[in-house]
Amino acid sequence: EAGVVQSPRYKIIEKKQPVAFWCNPISGHNTLYWYRQNLGQGPELLIRYENEEAVDDSQLPKDRFSAERLKGVDSTLKIQPAELGDSAVYLCASSPGATKNIQYFGAGTRLSVL
Amino acid sequence: GDSVTQMEGPVTLSEEAFLTINCTYTATGYPSLFWYVQYPGEGLQLLLKATKADDKGSNKGFEATYRKETTSFHLEKGSVQVSDSAVYFCALHNTDKLIFGTGTRLQVFP
């Protein structure tokens, strides 16, 4: 079974540029999460989707971050414009609807903003 | 709010040494507890879990016991290997949120 797939693995951009990350969850997983992991820290939730509905986006900085999960499968997280403090690893995770407490993580996208 | 506190790393051990990584938590209600491991260049992988008090989770020689009286979930392994070198994250799941500690880096030398 394929795991959670994220792309790109690495991204280097200059500040004020836009950037987008893509995630393909495990087949059949209804719940999808985006996390941000700063250097030396644990992941912190940005947004959670149940199918195509964002049910928890309280930690998403909505002035510059946006996300979508069209058709309830793949998801895209966008930052526009990026700031120096956005440098981090962005992780996507998914879980089956019935057991949300077990989340399966992708390898992440490491973003460097110069 | 809910939180997880882990011992700071790095933890440096020789191969076959005994490992303990401390984890304590603060939470309302009855959270589930987890240990995740992150190998270099990879995503987080679930190592073990426990869903209620006194449960013991175990996997690959690692184990941890859910201690409600001390709000702890310490990770142990009797004999570490070089291949165990990674960052270990303690986490709790409560009210649909997974909350992580800051992670503890383990370095095992031959």
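The values are calculated or read from the model by the stated rules, or taken from the named source; none is laboratory data. Quick caveat, the model's predicted, so the values are computed rather than measured. Positions of Cβ are backbone-derived with ideal geometry, glycine not excepted, and every protein chain shown enters the neighbour counts. Calculation scope for accessible area: heavy atoms of the full protein, side chains included, ligands and nucleic acids excluded. Shrake-Rupley method; radii C 1.70, N 1.55, O 1.52, S 1.80 Å.
What quantity of accessible surface, computed with a 1.4 Å probe and excluding non-protein components, is buried in total between chains A and B, in Å² to the nearest 100? Before the final figure, lay out the partial values.
Working: alone 6410 and 5930 Å², together 10920 Å².
Accessible area lost upon association: around 1400 Å².
Among the listed pairs A:Lys15/A:Lys62; A:Lys11/A:Lys71; A:Lys71/B:Lys49; A:Lys15/A:Lys71; B:Lys52/B:Lys97, which have their C-alpha atoms separated by more than 20 angstrom in this model? Please report the intermediate quantities before stating the final value.
Details: A:Lys15/A:Lys62 17 Å; A:Lys11/A:Lys71 26 Å; A:Lys71/B:Lys49 32 Å; A:Lys15/A:Lys71 31 Å; B:Lys52/B:Lys97 17 Å.
Check vs 20 Å cut-off fails for A:Lys11/A:Lys71; A:Lys71/B:Lys49; A:Lys15/A:Lys71.
In square nanometres, what is one fourth of the surface area of the convex hull spanned by the alpha carbons of chain A?
Details: hull surface 26.7 nm².
Here the figure is 6.7 nm², rounded to one decimal.
Distances over 24 Å make up what percent of all Cα-Cα pairs in the protein assembly as shown? Numbers along the way, then the final one.
Numbers: 11133 of 24976 pairs.
Across the protein assembly as shown, Cα pairs with separations above 24 Å total 45 percent.
Which residue, A:Ile12, A:Ile26, A:Ile47, has the most motion in a Gaussian network model of chain A that connects Cα atoms within less than 10 Å?
In the Gaussian network model the winner is A:Ile12.
Suppose all protein chains stay in the model; what accessible area per residue would a 1.4 Å probe give for the protein assembly as shown, in Å²? Please list the in-between numbers first.
Values: 10920 Å² over 224 residues.
Ligands and nucleic acids excluded, the figure is 49 Å² per residue.
Ignoring solvent entirely, what values of log10 I(q)/I(0) come out of the Debye formula for the stretch B:5-85 at 0.23, 0.26, 0.27 Å⁻¹ when each Cα is a single scatterer?
With one equal scatterer per Cα and no solvent, log10 I(q)/I(0) is -1.19, -1.40, -1.45.
For A:Gly108, what residues show an amide H to amide H distance below 5 Å, using hydrogens built from the backbone and excluding near sequence neighbours?
A:Gln6, A:Cys92
Can you give the local net charge around B:Lys77? Use residues other than it whose beta-carbon is closer than 13 angstrom to its beta-carbon, Lys and Arg +1, Asp and Glu -1. All intermediate terms of the calculation are to be shown ahead of the outcome.
Details: positive: B:Lys60; negative: B:Glu15, B:Glu16, B:Glu63, B:Glu76, B:Asp84.
After counting each charged neighbour, the total is -4.
Just want to confirm a number: the relative contact order over chain B, from Cα pairs under 8 angstrom separated by 6+ residues, in percent. Present the calculation step by step, with values, prior to reporting the outcome.
On the way: 289 pairs, mean separation 40.9, N = 110.
Result for chain B is 37 percent.
Which aspartates and glutamates have a Cα less than 20 Å from the Cα of B:Lys77, not counting those fewer than 8 places away in the same chain?
Correct list for B:Lys77: B:Glu8, B:Glu15, B:Glu16, B:Asp54, B:Asp55, B:Glu63.
Going by accessible area, probe 1.4 Å, with all protein chains left in place, what is the ranking of A:Glu83, B:Glu63, largest first?
Details: A:Glu83 90, B:Glu63 70 Å².
Accessible-area ranking of A:Glu83, B:Glu63, largest first: A:Glu83, B:Glu63.
Calculate the length of the line joining the C-alpha centroid of the stretch B:33-49 to that of the stretch A:18-66, in whole Å.
The two parts, judged by their Cα centres, are 18 Å apart.
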